[in-house]
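These notes concern the structure reproduced below.
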Amino acid sequence: MSALVLAQAAAASTPDELKAQAGATGAGMAYGLAAIGPGIGIGYLVGQSVQAMARQPEAAGMVRTTMFLGIAFTEALALIGFVVFILLKFV
């Protein structure tokens, strides 16, 4: 049913509208794909940090600080993906 709706929308759209729709779809997919890597990276980082804190509780403070730095750097990748999304959408 969704293919039928898309075909009807494509038949009723002008070339400029189709270009805008394709740009919005591409930008959304780009940001979605850009968010997958940091999500996996942060999950792995936090999991390994919890494991390290469980093994050596006396080093928990240092591990936690390093974990937050790693999260910040990994999250920067998602922000770069968001900037690319904005550039694709409005340029």
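The values are calculated or read from the model by the stated rules, or taken from the named source; none is laboratory data. Everything numeric in this text was worked out from a predicted model, so none of it was measured. Glycine also receives a Cβ, built like all others from the backbone with ideal geometry; neighbour counts cover every protein chain displayed.
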- Those residues of segment 48-71 which are more than 24 Å from P38 (Cβ to Cβ) and either of a type in the set (F, W, Y) or exposed (fewer than 12 other Cβ atoms within 10 Å of the Cβ) (or both), in sequence order: A54, R55, Q56, P57, E58, G61
- Query: Only one of these conditions is not met by D16: (1) surrounded by 10 or more Cβ atoms within 10 Å (Cβ to Cβ); (2) modelled with pLDDT of 80 or more. Which number is it?
  - Reply: (1)
- Task: Please go through segment 48-91 and pick out each residue that is in a helix (DSSP H, G or I) and of a type in the set (S, T, N, Q).
- Result: Q48, S49, Q51, T65, T66, T74
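Rundown of residues vs (1) among the hydrophobic types (A, V, I, L, M, F, W, C); (2) closer than 24 Å to L87 by Cα, yes/no style:
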{"position": "A20", "(1), (2)": "yes, yes"}
{"position": "L45", "(1), (2)": "yes, no"}
{"position": "V50", "(1), (2)": "yes, no"}
{"position": "A54", "(1), (2)": "yes, no"}
{"position": "R64", "(1), (2)": "no, no"}
